[in-house]
Amino acid sequence: MNELLIYQDKILSLAAENKKSLPIENFNRSYEIKNPLCGDEVKVRIKLVNNEIDDISTIVRGCALCEASAGLTVKLFKNKKIPNNNFVKDFLNWLENKDQDLPISLPDEIGVFTPIRDIKNRHKCITMPFEAILKSIKEDL
């Protein structure tokens, strides 16, 4: 697969939208994660109230895929209940098993990353923001 095909409009739009966002100041959970292989860094800040993500921000220093994934985390989880503890596991399983349809445990919006399923060395780029969120709220799961 041509790696340029992974940078489709939807992914670039999510990345651009997240790049314009500002970190929230009123938060009670945070987590930073770094990919030692490529240098991507994700900083998550969450305001958690009664097992609901009241507000969230994700600041990325990295590739467009990581930035797009971070933007999607904000869209999916802001003003929502804490995601299922198996979210990242289900996401990775779907990414790695190209014959598998998107499981019902994952939101349809994750399908934007279908082209990345063929490029295993980029899977970490798109799962890192989700991992950071779950690790920041781990004690509440």
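FYI, it's all coordinate maths here, none of it is from the lab. Remember, it's a predicted structure, so these values are computed and weren't measured experimentally. Neighbour counts are summed over all protein chains in view; Cβ atoms, including those assigned to glycine, are modelled from backbone coordinates with ideal geometry.
What list of ³J(HN,Hα) couplings, whole Hz, do you get for segment 114-130 from phi and the Karplus terms 6.51, -1.76, 1.60, once you set θ to phi - 60° and write x for glycine and proline?
3, x, 7, 4, 7, 10, 4, 6, 10, 4, 4, 4, 8, 8, 3, x, 5
For segment 88-141, give the magnitude of the charge dipole about the Cα centre (Cβ charges: +1 Lys/Arg, -1 Asp/Glu; no others), in debye to the nearest 20.
Roughly 300 debye, rounded to the nearest 20.
Pairs Lys81/Lys120; Lys10/Lys138; Lys10/Lys98; Lys10/Lys78; Lys47/Lys120; Lys19/Lys89: which exceed 28 Å Cα-Cα?
Over 28 Å Cα-Cα: Lys81/Lys120; Lys10/Lys138; Lys47/Lys120.
For the chain, what is the mean residue ellipticity at 222 nm derived from helices alone (per DSSP H run of n ≥ 4: -39500 (n - 2.57); sum divided by total residues; nearest 500 deg cm²/dmol)?
Rounded to the nearest 500, it is -11000 deg cm²/dmol.
Binned at 10 Å from 0, what are the whole-percent values of the Cα-Cα distance distribution for segment 98-141, short to long?
22, 49, 25, 3
Put +1 on the Cβ of each Lys and Arg and -1 on the Cβ of each Asp and Glu in segment 28-140; which of Pro103, Cys63, Asn85 then has its Cα farthest toward the positive end of the dipole?
So the residue furthest toward the plus end is Cys63.
Could you give the dipole magnitude of the chain about its Cα centre, charging the beta-carbon of Lys and Arg +1 and that of Asp and Glu -1, in debye to the nearest 20?
My answer is approximately 280 debye.
Using the beta-carbon distance between Asn93 and Cys38 and R0 = 25 Å, what value does 1/(1 + (r/R0)^6) give for FRET efficiency, to the nearest 0.05?
0.70
Roughly how tilted is helix 9-20, in degrees to the nearest 10 and between 0 and 90, from the longest Cα axis of the chain?
Between helix and principal axis, roughly 30 degrees.
Mind checking the angle between helix 87-96 and the chain's longest principal axis? C-alpha axes, 0 to 90 degrees, to the nearest 10.
The answer is roughly 10 degrees.
Applying a 10 Å radius around every beta-carbon, put 86-99, 118-131, 54-67 in order of their mean neighbour count, most first.
The most tightly packed comes first, giving 54-67, 118-131, 86-99.
Can you compute the equivalent ellipsoid semi-axes for the chain, i.e. the square root of 5 times each eigenvalue of the Cα gyration tensor, sorted largest first and rounded to whole Å?
So the equivalent ellipsoid measures 23, 17, 13 Å along its semi-axes.
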